[in-house]
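> Please find one structure pasted underneath; my questions will follow.
The values are calculated or read from the model by the stated rules, or taken from the named source; none is laboratory data. Treat the numbers as computed from the prediction; the structure is a model and nothing was measured. Quick reminder, even Gly has a Cβ in these numbers, built from the backbone with ideal geometry, and neighbours come from all protein chains shown. The area values use the complete protein model at the heavy-atom level, side chains included, leaving out ligands, DNA and RNA. Shrake-Rupley method; radii C 1.70, N 1.55, O 1.52, S 1.80 Å.
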Amino acid sequence: MDILQIIVLGLVQAITEWLPLSSKTMDTILYKDIFHGSPESVISVLLFLHLGTLAAAALYFRKEIIALAREFLSAPANVERHSNGRIGFLASALVFTGVVGGPILLIERFVLPTLDGSTLLSLMGAGLVLTGFLLTSQHHHKWRTAGSVGWKDGMLTGAL
């Protein structure tokens, strides 16, 4: 990849990560079909791009991250308090994202590179349609506050 392709991939990642569509799919299509990148390196490129997103999100949400750290450090042994609040939600969401995402990453790493481009794009397209359906079907539900969530909500969120 040349520097222009890296910049374009970074911009696409930065823009699409905050929109209700799959930045991973957009970056994959751009990398494989426009820039003719190798299927074997797609996962590595995507992980690298998402590290940039992680850094940007951490910088943007630094006040919230510091507040959560202070909240936890004010009573680190109070498991009940933390499990029924934002910390329990975030911790269980993180764990269950790994529990579900780890095997998916392994499948992606070993199975998807053996698929041809049209099958891979069909799977990504189906994922985009499912994401769109899930996002639009939630408009009539009542929003909850951060104080009303707990570890059970985090488990479901992380698994999804």
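> Taking the condition of being open to solvent by less than 50 Å² (accessible area, probe 1.4 Å) and of a type in the set (S, T, N, Q), how many residues in region 65-77 meet it? Walk me through it before giving the result.
Keep residues of region 65-77 that are open to solvent by less than 50 Å² (accessible area, probe 1.4 Å), which gives 67-69, 71, 75.
Still in the list and also of a type in the set (S, T, N, Q): none.
Looking only at that region, the number is 0.
> Here's a follow-up. Residue under question is S92, and the condition is that it be surrounded by 13 or more Cβ atoms within 10 Å (Cβ to Cβ), hydroxyl-bearing (S, T, Y), over 14 Å from the mean Cα position of the chain (by Cα) and assigned to a helix (DSSP H, G or I); does it hold? Full working, then the answer.
Values: surrounded by 13 or more Cβ atoms within 10 Å (Cβ to Cβ): yes; hydroxyl-bearing (S, T, Y): yes; over 14 Å from the mean Cα position of the chain (by Cα): yes; assigned to a helix (DSSP H, G or I): yes.
Spelling it out, S92 is indeed surrounded by 13 or more Cβ atoms within 10 Å (Cβ to Cβ), hydroxyl-bearing (S, T, Y), over 14 Å from the mean Cα position of the chain (by Cα) and assigned to a helix (DSSP H, G or I).
> From the list L90, L59, L68, which residue is closer than 28 Å to Q5 by Cα and modelled with pLDDT of 85 or more? Outline the logic, then answer.
On the way: L90 fails: closer than 28 Å to Q5 by Cα; L68 fails: closer than 28 Å to Q5 by Cα.
On inspection, the qualifying residue turns out to be L59.
> So, one more: So, in region 69-84, how many residues would count as being under 27 Å from the mean Cα position of the chain (by Cα) and part of a loop (DSSP other than H, G, I, E, B)?
Going through region 69-84 one residue at a time, the tally reaches 1.
> Could you check A58 against (1) over 16 Å from the mean Cα position of the chain (by Cα); (2) over 22 Å from T25 (Cβ atoms) and say which number it fails?
If we test A58 against (1) over 16 Å from the mean Cα position of the chain (by Cα); (2) over 22 Å from T25 (Cβ atoms), just (1) comes out false.
> Going by the conditions given, is Q13 among the polar types (S, T, N, Q), surrounded by 11 or more Cβ atoms within 10 Å (Cβ to Cβ) and in contact with a Phe, Trp or Tyr (Cβ under 7 Å, 6 or more places away or on another chain)?
Values: among the polar types (S, T, N, Q): yes; surrounded by 11 or more Cβ atoms within 10 Å (Cβ to Cβ): yes; in contact with a Phe, Trp or Tyr (Cβ under 7 Å, 6 or more places away or on another chain): no.
Against the criterion (among the polar types (S, T, N, Q), surrounded by 11 or more Cβ atoms within 10 Å (Cβ to Cβ) and in contact with a Phe, Trp or Tyr (Cβ under 7 Å, 6 or more places away or on another chain)), Q13 does not qualify.
> Further question on the same structure: Between a residue in region 39-64 that is surrounded by 14 or more Cβ atoms within 10 Å (Cβ to Cβ) and any residue that is not in a helix (DSSP H, G or I), which pairs come within a Cβ distance under 6 Å, given they are 6 or more apart or on different chains?
T53/E17
> Would you pick out the residues in region 1-56 that are in a helix (DSSP H, G or I) and of a type in the set (G, A, S)?
As a first pass, look at region 1-56 and keep what is in a helix (DSSP H, G or I): 3-16, 23-34, 39-56.
Passing the criteria: G10, A14, S23, S41, S44, G52, A55, A56.
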